[in-house]
Amino acid sequence: MATKKEVFESALELCEDLKLGGDAIARFTVLLEPKRGGAQFNIEDVTTIDADGTITHILDSVFNVMVPVFDEEGNENFYSKPDTELGWSRFSKAAEKSRKDREKTFKATEKGVFADLMAGAIEPDDAKELMVAAEAARKEVIIPDGLV
């Protein structure tokens, strides 16, 4: 099976062979040109920029709030990504820590519920309820105090 790039190039060659005009080529380009992967966003929509043109806040993609790029001590709140237009990742270090903590808690709960279930300390219906609650807690995103 041909890749998207190969299909696009074949379509452009066909347009040239058929001597189609620029309008047709432009329409095929819009339709078939392979898109760049990853999230697409407008930098002005996800940042706050000061008068000097420096990015001061970034919209955290996990917490969905504007977070300062640097904390009071001057440490970066975001992971640096110099190969991107923004220069930082869109999720803060606090968001990553929160995700890891929730995952760790979920795995410990899962292990404990399974052990209790196998030991006969709890009933299967109770184990299911505990796991549903653990899954809900795993998905709950809580913004740390002082981050915003």
Which numbered condition trips up Ile143, out of (1) surrounded by 15 or more Cβ atoms within 10 Å (Cβ to Cβ); (2) touching a residue at least 24 places away in the same chain (Cβ under 8 Å); (3) hydrophobic (A, V, I, L, M, F, W, C); (4) part of a helix (DSSP H, G or I)?
-> (4)
Has the range 106-121 got at least one residue that is hydroxyl-bearing (Ser, Thr, Tyr), out of contact with any Gly (no Cβ under 6 Å at 6 or more places or on another chain), part of a helix (DSSP H, G or I) and closer than 30 Å to Val69 by Cα?
-> no
Residue by residue through the range 44-65, note down the ones that are in contact (Cβ under 8 Å) with a residue 12 or more places away in the chain and over 15 Å from the mean Cα position of the chain (by Cα).
-> Asp45, Thr47, Thr48, Ile55, Thr56, His57
Could you tell me whether the range 51-63 includes any residue that is farther than 28 Å from Ile142 by Cα, at pLDDT 80 or above and acidic (Asp, Glu)?
-> yes
Out of Glu16, Glu44, report the one residue that is in a helix (DSSP H, G or I), exposed (fewer than 11 other Cβ atoms within 10 Å of the Cβ) and at pLDDT 80 or above.
-> Glu16
What number of residues in the range 74-100 are outside any strand (DSSP E or B), at pLDDT below 90 and either within 13 Å of the chain's Cα centre (by Cα) or surrounded by 11 or more Cβ atoms within 10 Å (Cβ to Cβ) (or both)?
-> 2
Any chance Thr105 is exposed (fewer than 14 other Cβ atoms within 10 Å of the Cβ) and of a type in the set (S, T, N, Q) = yes
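The values are calculated or read from the model by the stated rules, or taken from the named source; none is laboratory data. Please read all numbers here as calculations on a predicted model, not as lab measurements. Using ideal geometry, Cβ is built from the backbone for each residue, glycine included, and neighbour counts are taken over all protein chains shown.
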